[in-house]
Structures are given as structure tokens and as C-alpha cells.
1. Test of understanding: among Gly77, Gly98, which residue is open to solvent by less than 20 Å² (accessible area, probe 1.4 Å) and assigned to a helix (DSSP H, G or I)?
2. For Ala211, are the conditions met, namely being small (Gly, Ala, Ser) and either part of a helix (DSSP H, G or I) or open to solvent by 40 Å² or more (accessible area, probe 1.4 Å) (or both)?
3. Kindly establish whether Leu186 is open to solvent by 10 Å² or more (accessible area, probe 1.4 Å), more than 17 Å from the chain's Cα centre (by Cα) and either within 22 Å of Pro295 (Cα to Cα) or at pLDDT below 95 (or both).
4. Select from segment 101-135 the residues that are out of contact with any helix residue (DSSP H, G or I) (no Cβ under 8 Å at 6 or more places or on another chain) and either at pLDDT below 95 or open to solvent by 70 Å² or more (accessible area, probe 1.4 Å) (or both) and list them in ascending order.
5. Based on what the data block shows, is Arg206 within 30 Å of Ser228 (Cα to Cα), in contact (Cβ under 8 Å) with a residue 40 or more places away in the chain and part of a helix (DSSP H, G or I)?
6. Of everything in segment 6-18 that's part of a helix (DSSP H, G or I) and surrounded by 13 or more Cβ atoms within 10 Å (Cβ to Cβ), which residue is nearest to the chain's Cα centre (by Cα)?
7. If I ask for residues that are open to solvent by less than 10 Å² (accessible area, probe 1.4 Å) and either part of a helix (DSSP H, G or I) or closer than 25 Å to Gly55 by Cα (or both), which ones from segment 272-292 would you list?
Amino acid sequence: MYSALRRMLFKMDPETAHEMTIKGLQLLQSTPPVRHLYQKSMTVADPRLQTTCLGTTFPNPVGLAAGFDKHATVYPGLAALGFGFVEVGTLTPRPQSGNPKPRLFRLPEDQAVINRMGFNNHGVEQAKRAFEILARPSIPIGINLGKNKDTPNEEAASDYQKGLEALYLHGDYFVINISSPNTVGLRDLQHATALKELLSAVIGKREQLAAEHGTTRPVLLKIAPDLSEEQVEEIVNAALQLGIDGIIATNTTLARDGLTANHRNEMGGLSGKPLTSRSTAFIHHVYQLTQGRVPIIGVGGIFTGQDALDKIKAGANLVQVYTGMIYRGPSIAKWINQELLRLLEQEGFNSVKEAVGSAHR
């Protein structure tokens, strides 16, 4: 069914197709009986898939990455697609329209996407209202935070603190996104001095909010794949020293190696198949540095159960898809989880947890 729907969607402008998908999800989540039936048919319930980390239990390790539900308005509908968790955002303190259109490009020959969206979102206050109105799904919800494009880097910590404070009780974990290539200068915050100042301020704010609310929300750092091994080591060591709770590896890439599609030279971050092996190698390196001390969420070019398992064996506790759903459709979480179970049994693992980091043993 999705192959026919995809042909129709791929004839549309990518952003228009995305908006139509959002409307479909809003319709799904507005009819609870239909949503519950759909979720039952899409969910692979098996204890071997369960993962406990970041202070909560994930029913399966396959999540949806940030960038799809930018405004935190359709996460209940997305939860019905069988994901083990959904990450919303990126959300900034003030609403912003993002970069000029066109800013989203499909590369079908490469099974990839290039985007230069620029953190377009309705702001944290509107997201907070959505969280207060919408039904809370049974799966964990992550919240991805960014800074407004007109906020100078030396004031960036304040933007992340504002997002954390506004939404603290609504997320099961929070992500500090300083690795998008689509906000000018944002990746400069990954440099050691700036990173330490930023994380120190954000973790300090988290401790204050934890004391106020009596509950501690994990804070994760999302990093870019376009870093040298030395830079990765510097970032990871700083993050661990300052008490970060987890790492998301990786964001989109600026690399364009081996692409053949017409839009290959568009500016923006590349995601999808070309990032598969690169992000897996990156996760492997991060795990070597962390030695399992904090969870890793693996992202980048996950289309199949084998892609997911490769990242899990490299050291990822959880994985996230995005571009894979554009090409494989809304059943991708179900298919990956079914494939994962078959592969775990085939390779002699009793659970996902047992497979984490096994490539290092």
C-alpha cells in the first residue's frame, strides 16, 4: 500500500507532503478507538526488545528522531505507529519560521534527504500548551531543544535553559542540539570552551529544576558526524565530566560523497542511506570513549533491522529513524522490530540489552 502512496507523495513538494502527513496523524489521534486499534496492529510486543535506560523503560529500541513532529502536536499519533519512543522538536524559546523555501529535498536514487529547515517551530510556550492538551501516550517522549537563530552563541545557554524550564515536566528526556548544520554558527558550540560553559549552565539548571519538582530529567547531547576523532574525544570527555546523561550520535552530515541524485549539491544536512555506515562507525568510537557509562542513541541511515542491530552492537542502547520512514513508510518500526527479533535469535542474543556493545567484546 505504501509504495502506491509514496509515488503520490513523491510527486508533491516534500514539505507539502510532510504537512499532509501531519494532518493524517492529527486525524488518527483525534479518534482514540481507531488509534488504539492501529497501535495494536503496529506494535511488536516482546520482552526481548525492552530496554531500560535514562530512568525509564522503552518497550522497544526503535524511536522516531526529532525533526518530524517539530511543534509537538502529533506525538500521540506517531506513538500509534509502533515506535518505542518519539522525540519532538527541535523547539526554540521563541517561534521562528526557519530558512527560506525550498529547504527540503529528496534524493531517491541515494535513498536520502537534504534539509536546511533551520529550526522552524512554534516555540516552547505553544509546545507546552500542546503537551497540556494532548493525551499522553504510553511510550517515552523526548524533547529536542535548540537556540533561536538570532541569539548570539555567548547567550545560547539561556535559550536552552528556557526550553528546559518551560517543558521540564513534559519530557522523559531532553536533548541539547548544537549539531544542526542549518543554524549559522550553531556547531561552533561544540568547541571545548563553549561546550563546557553551555553544558555547565544547562546541567545546573536541570539540578535546580530537579530540586523544585522532585524529579530528575535526563539531559543528552546530540553531536555531528563531521568531527575528527580528536574533536569527538574532546566533546565526549567534556560531556561526561559535566554530568551529561547520554549522547545522540549523529545529526545530519555536510558530506556529499558518492551521491548521484539531482539535488546532491543543495546546501543543508544530508540524512539517509549515505550516512548508515558512517554513523555506525561514529557510534563505535563514542562507545569506546564512554565504555557504556552513559546510554547512546544511534541515528543515521537506519532502514532495516540489520542497520539497527549494527548500531546496537556498536554501542547504541536505542536507535532512531527518520529518512527511513520517508522511504519505507509508517510500518518501519514494526518491520525493524520484527527483523531485530529474528536477527537476535539468529546471532544468539537473548535480548537487545545483551547485544549492546557486543562488537567490542
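1. The conditions single out Gly77.
2. Yes; evaluated as a whole, the condition is true for this residue.
3. It is false that Leu186 is open to solvent by 10 Å² or more (accessible area, probe 1.4 Å), more than 17 Å from the chain's Cα centre (by Cα) and either within 22 Å of Pro295 (Cα to Cα) or at pLDDT below 95 (or both).
4. The answer is Glu109, His122, Gln126, Arg129, Glu132, Ile133.
5. yes
6. Top of the filtered list is His18.
7. Listed by number, the residues that qualify are Leu275, Ser279, Ile283, Val286, Thr290.
Per-residue answers, yes or no, for (1) touching a residue at least 24 places away in the same chain (Cβ under 8 Å); (2) closer than 18 Å to Gly329 by Cα; (3) small (Gly, Ala, Ser):
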| residue | (1), (2), (3) |
| --- | --- |
| Val44 | yes, yes, no |
| Gly67 | yes, yes, yes |
| Ala80 | yes, yes, yes |
| Phe85 | yes, yes, no |
| Val88 | yes, no, no |
| Phe105 | yes, yes, no |
| Gly123 | yes, no, yes |
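The values are calculated or read from the model by the stated rules, or taken from the named source; none is laboratory data. Note that the structure is predicted; figures quoted are calculated from it, not measured. Glycine also receives a Cβ, built like all others from the backbone with ideal geometry; neighbour counts cover every protein chain displayed. Heads up: the accessible areas ignore ligands, DNA and RNA and are worked out on the full protein's heavy atoms, side chains in. Shrake-Rupley method; radii C 1.70, N 1.55, O 1.52, S 1.80 Å.
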